[in-house]
Amino acid sequence: MTVQLPPNSDGDPVLAAGPQTHVTLPAPAIELINAARWYGNVVAVNDVSFSLGAGVTGLLGPNGAGKTTVLHMLAGFLAPSAGTVHVLGRSPNRDPSVYRQIGLVPEREAVYPFLTGLDYVRFNARLQGLTNSDQASRDAIRRVGLEDAMDRPIGTYSKGMRQRAKVAGALVHDPQVLLLDEPFNGMDPRQRLAMMDLLTEMAAAGRTILFSSHILEEVERVGNDILVMVAGRLAASGDYRAIRALMTDRPHTITIRSSDDRRLAASLMGDSAIFGVELGAAGLSVRTAHLSVFRRLIAGASRSAGVRLFEVVSGDESLESVFDYLVRR
């Protein structure tokens, strides 16, 4: 490829001198190309394409949207009925060499209750062929905060403790790709925060993490990138804030508190970027389709009106707003 430098003062592109340089970009850790999976006449996943590199991505969607089917195809449990599914450049279906680099936390409870936490994690370590299975298992248990309970039978664990044991079993072999189906179920707030910190730490170390969740706050806290599935199809992907910015048919609502809300409202109403202005007990509510235009507008409008701004809050920039829009449209 040709390396292109920033434009010169005339705006013309400048090509680097010397021979052309060819840069090989790293292959994505996870890649689906027109992937589909059906069961008889029931289509669970339909024509889904996306690719992921290092980092944390949240997989969102209502029940029955196809999230678990996608995770199971990536884990190698299911072959796609059509299309391509690759993990680290290979098809994971029936390929044990790929399993060595995948960690899976299934939503379903599939842990023998008579095993201790240490037994369960050590069993996973041995399945992965680790020579230091005992030490690796203890390290994994320490990472999820189960040291005090590792010698107790899993049947005596709470739901949140069982979830952490499953996470320990999934990461005992230090996989490059971690797939988690509703991993925070049953965890108390402190455990959730600790698990989110662990996922963030692993992503910073170059791991690719894809997790499904029904709790939008969890996804919003761990990372910005999302995949939203609706009825087996991929409805949106990317940074949820960027997705919200593209939702021009749904106006943004901004709440403003100022030294004189009435005067500021009069200053704003004359601009074509403003759809509506409403005075209320909570402050001034403004509706606009173009948030970036509004951000430039509000500073000038407050100056011209001689009004001091105390607070400017966008009430529907959350992941919940994006998710609700994509699912209900």
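Please state which one of PHE294, PHE275, PHE310, PHE323 is part of a helix (DSSP H, G or I) and modelled with pLDDT of 70 or more.
Numbers: PHE275 fails: part of a helix (DSSP H, G or I); PHE310 fails: part of a helix (DSSP H, G or I); PHE323 fails: modelled with pLDDT of 70 or more.
Answer to the selection: PHE294.
Table: residues versus (1) at pLDDT 75 or above; (2) crowded, with 18+ Cβ neighbours inside 10 Å.
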residue	(1), (2)
SER212	yes, yes
ILE215	no, no
GLY223	no, yes
ARG233	yes, no
ALA245	no, no
THR248	no, no
LEU264	yes, yes
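Restricting attention to the range 184-195, does a residue exist that is in the same structural domain as PRO96 (by TED's automatic domain parsing), among the charged types (D, E, K, R), closer than 18 Å to GLY55 by Cβ and assigned to a helix (DSSP H, G or I)? Working first, answer last.
To start, the set of residues in the range 184-195 that are in the same structural domain as PRO96 (by TED's automatic domain parsing) comprises 184-195.
Remaining after also requiring among the charged types (D, E, K, R): 188, 190, 192.
Cutting the leftovers down to closer than 18 Å to GLY55 by Cβ gives us none.
No, the range 184-195 has no match at all.
Considering (1) farther than 19 Å from PRO183 by Cβ; (2) touching a Lys or Arg at 6+ places or on another chain (Cβ under 9 Å), say which one ARG90 fails and leave the rest.
Status for ARG90: all satisfied but (2).
Quick check on the range 160-174. Is at least one of its residues touching a residue at least 24 places away in the same chain (Cβ under 8 Å), assigned to a helix (DSSP H, G or I), among the basic types (Lys, Arg) and under 18 Å from PHE114 (Cβ atoms)?
The answer is yes, given that some residue of the range 160-174 is touching a residue at least 24 places away in the same chain (Cβ under 8 Å), assigned to a helix (DSSP H, G or I), among the basic types (Lys, Arg) and under 18 Å from PHE114 (Cβ atoms).
Could you grab the pairs with beta carbons closer than 8 Å, sequence gap of 6+ or different chains, first residue in the range 176-189 and of a type in the set (Gly, Ala, Ser), second one in a strand (DSSP E or B)?
Pairs that qualify, where the first residue is of a type in the set (Gly, Ala, Ser) and the partner is in a strand (DSSP E or B): there are none.
Quick one: count up the residues across the range 150-167 that are buried (at least 19 other Cβ atoms within 10 Å of the Cβ) and more than 17 Å from ARG190 (Cα to Cα).
Summing the residues that are buried (at least 19 other Cβ atoms within 10 Å of the Cβ) and more than 17 Å from ARG190 (Cα to Cα) in the range 150-167 gives 3.
So for the range 65-79 (the condition being more than 19 Å from PHE211 (Cα to Cα) and either part of a loop (DSSP other than H, G, I, E, B) or at pLDDT below 90 (or both)), does at least one residue qualify? Please lay out each step first, then the result.
As a first pass, look at the range 65-79 and keep what is more than 19 Å from PHE211 (Cα to Cα): 79.
Narrowing further to those that are either part of a loop (DSSP other than H, G, I, E, B) or at pLDDT below 90 (or both): 79.
So far as the range 65-79 goes, yes, one or more of its residues are more than 19 Å from PHE211 (Cα to Cα) and either part of a loop (DSSP other than H, G, I, E, B) or at pLDDT below 90 (or both).
So which residues in the range 97-136 are surrounded by fewer than 20 Cβ atoms within 10 Å (Cβ to Cβ) and in a helix (DSSP H, G or I), if there are any at all?
SER97, TYR99, ASP119, PHE123, ARG126, LEU127, SER133, ASP134, GLN135
The values are calculated or read from the model by the stated rules, or taken from the named source; none is laboratory data. Keep in mind it's a predicted model, so treat the numbers as computed, not measured. Note that we place each Cβ from the backbone using ideal geometry, even for glycine, and neighbour counts take in every protein chain shown.
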